[in-house]
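The values are calculated or read from the model by the stated rules, or taken from the named source; none is laboratory data. Given the structure is predicted, the values throughout are model-derived calculations rather than measurements. Here Cβ is always computed from backbone atoms with ideal geometry, including for glycine, and neighbour counts include all displayed protein chains. Remember, those area values only see protein heavy atoms, side chains included, never the ligands or the DNA or RNA. Shrake-Rupley method; radii C 1.70, N 1.55, O 1.52, S 1.80 Å.
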Amino acid sequence: MTGWLKNCSTALGAIAVAVVFTPAAAEADSLIENVNGMTPDSQGKIIRFSAMVVDDEGKVKQLLDRRDKRPREVDFQFDGEGRTLIPGFFDAHGHVINMGFAALTLDLSETKSLTEALAKIDRYAADNPNRQWIIGNGWNQESWGLGRFPTAAELDAIVSDRPVFLSRVDGHAAWVNGAAMKAAGISATSKSPSGGTIEKVGGKPTGIFVDTAMDLFGDAIPAPRPVENDLALSKAQEILLANGVTSIADMGTTMQDWQSFRRAGDAGQLKIRIVSYAAGVDNMIAIGGPGPSPWLYDDHLKLAGVKLYIDGALGSRGALLKQPYQDKPKESGLAMLTSAQLKNKMSRAAMDGFQTAVHAIGDKANDEILSAIEELAYTYKGDRRWRVEHAQIVDPADLGRFAATGTIASMQPVHQTSDRLMAESRLGPDRLVGAYAWRSLLDSGANLAFGTDVPVESSNPFAGLAAAMTREDAAGQPFGGWMPEERLSREQAWNAYTNGAAYAAFAEDRLGSLEVGKRADFLIVDQDILLATPAQVRSVNVLQTWIAGKPVLVQN
């Protein structure tokens, strides 16, 4: 993975026409004036304003309407020219370093057929003859209409001289060629590890490795150097800021990731705000030691807890189900942890005050994590804010257990539109009640936190807002929405992407909305998102991104 990364930077452009500087006064404020300002408050109600005063610490000091007197002494003034100003989005679930690498390596996410994917791989290999491994991501046999997994033989036909390792779009399966299997020492005698599957036909590996079986290649693939991790972080920040994401929960932070975050913070280059959830207990202990870190770099970085996995993904049939898969009746998913292992790891985190965020997609997996929380709650009192990441397929009988235990449903609206046809195939029509059940969870009293799972999906939050409002994809399908009773109002969806995500990370005292005392992280956008149609919401352009009352990205 060496030699292929490029320096990336964000051009701010000239904004002098909109900014007026006055002689500095001690602890003077900044005035953001002439805007169509709006923000949800801590209760999800919409506050409108036409100006905002930001103090010298980059926090909101006042929200003003047109009748309010403006402060006389400010050392920075910005004229928004009547454009819409909203709080920056807080992505409740993403993978920061991985998204940077995904943007800098072979991306198959836009391919519509196996033939198209193979052609792109062939071109990429020809254009990069010096790379020891071909590393890529984003393939999806469902969007190809293939009806099966791709094979090593199909890769070998175009690249046989060096290893190829391609992650599926959800990150829960890998497609490799024969050279990769040889480099990793994998043969017909290799056995599937616990929590994973080596797909075989006639006793021979086909080239598909699901969930923990992907780890069999860990020692063979060259590890990224620190400089490459840093460049991936820089690229990720560029994309996030351009999409209007100012804060993100990084799910699965390794020690190498954390060191990259710290290097950026030390150099004054950490622009986005990152709340980290360590990749397993070992990384949690290595990074945090006796407990969660404090906020670092003026609220730009914090280790909050640990990310655990109880199952895999629906697309690779790793999601753990109570009943077998409709389209593969001999399978019901993969358990990454036993019930005892899950509770032991959660207990180890909770005893030192770390928050737990557990990946659970299938209905059995969600039942398992909710049962673990119910048991551990007797020992670990107080405001724990247990998190279930994804909560995609939940038995309707279990929906009320989220609110009863104070468990946060951390969900990704765009997964519903991306997964709809695949979910119907995997589960059948009779088992879809409780699938991507945002409205049912919210009505039951559960807290929702929305994100994107980037790089599985684009980090653009506006597509997620539109999906949550309509349950239709970008093409408007299905008309009227898929299971439309689970739609949210735009205010509810927006709140989940801002205050809800901040609350889920114990950050609601400083992030999530533009209320007095919170960080002035905001966007200038080209449309009023409260008046725009869902189709228009999808197409919103971020014109400027500001962090702590200062511009960090200006786009035409």
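Of note:
- Relative to the dominant Cα principal axis of the chain, helix 461-470 is inclined by about 80°.
- Residues with amide H under 5 Å from that of residue 553, placed H, sequence gap 5 or more: 545
- As a length-normalised measure over Cα pairs under 8 Å and 6 or more apart, the relative contact order of the range 259-342 settles at 23 percent.
- Highest mean first, the peptides 240-250, 420-430, 254-264 sorted by other C-beta atoms within 10 Å per residue fall in the order 240-250, 254-264, 420-430.
- Karplus 3J(HN,Hα) series, Hz, for the range 509-521 with 6.51 cos²θ - 1.76 cosθ + 1.60 (x for Gly, Pro): 7, 9, 10, x, 8, 9, 9, 4, x, 8, 4, 8, 9
- Against the chain, whose longest principal axis is taken from its Cα atoms, helix 226-242 shows a tilt of about 60°.
- Surrounding net charge for residue 351, when Lys and Arg each add one and Asp and Glu each subtract one, Cβ distance under 13 Å: +4
- Computed over neighbours whose Cβ is under 10 Å from that of residue 280, the net charge equals +1, Lys and Arg +1, Asp and Glu -1.
- Basic side chains Lys and Arg get +1 at the Cβ, acidic Asp and Glu get -1 at the Cβ, and with that the dipole of the range 200-246 about its Cα centre reaches some 240 debye.
- Measuring between alpha carbons in the structure, the pairs from 112/200; 120/235; 307/381; 191/235; 204/328 lying more than 29 angstrom apart are 191/235.
- Distance between the range 25-55 and the range 293-312 - C-alpha centres, whole angstrom: 28
- Inter-part distance where the range 325-358 and the range 504-553 are each reduced to a Cα centre, Å: 34
- Residues in the range 389-397 carry Karplus couplings, in order, of 8, 5, 6, 6, 10, 10, 4, x, 5 Hz; the curve used is 6.51 cos²θ - 1.76 cosθ + 1.60 with θ = phi - 60°, and Gly or Pro positions show x.
- The listed residues 485, 154, 142 rank as 485, 142, 154 when sorted by accessible area, largest first, using a 1.4 Å probe.
- Solvent exposure ordering (accessible area, 1.4 Å, most first) of 47, 310: 47, 310
- Karplus-derived HN-Hα couplings along the range 284-299 (A = 6.51, B = -1.76, C = 1.60, θ = phi - 60°), whole Hz, x at Gly and Pro: 4, 5, 5, 7, x, x, x, x, x, 6, x, 5, 10, 6, 6, 6
- Ordering of 452-464, 325-337 by packing [mean C-beta count within 10 Å, highest first]: 452-464, 325-337
- Under 5 Å, built H, 5+ apart or other chain: amide partners of residue 47: 39, 41
- Lys, Arg +1 and Asp, Glu -1 on Cβ, resulting dipole of the range 165-228 about Cα centre, debye, nearest 20: 260
- Spatial offset of the range 179-238 relative to the range 443-501 amounts to 32 Å, using the alpha carbon center of each.
- The order of 124, 497 by accessible area, most exposed first and with a 1.4 Å probe, is 124, 497.
- Remark on residue 526: its backbone amide H falls under 5 Å from those of 541, 543, a criterion applied only to residues 5 or more positions apart or on other chains, H modelled at 1.01 Å from N.
- The charge dipole of the chain, taken about its Cα centre with unit charges on the Cβ atoms of Lys, Arg (+1), Asp and Glu (-1) only, comes to about 560 debye.
- The angle between the Cα long axis of helix 363-376 and the longest principal axis of the Cα atoms of the chain comes to about 60 degrees, rounded to the nearest 10.
- Here the sum of -39500 (n - 2.57) over DSSP H runs of 4 or more residues, divided by the residues of the chain, equals -8000 deg cm²/dmol at 222 nm, to the nearest 500.
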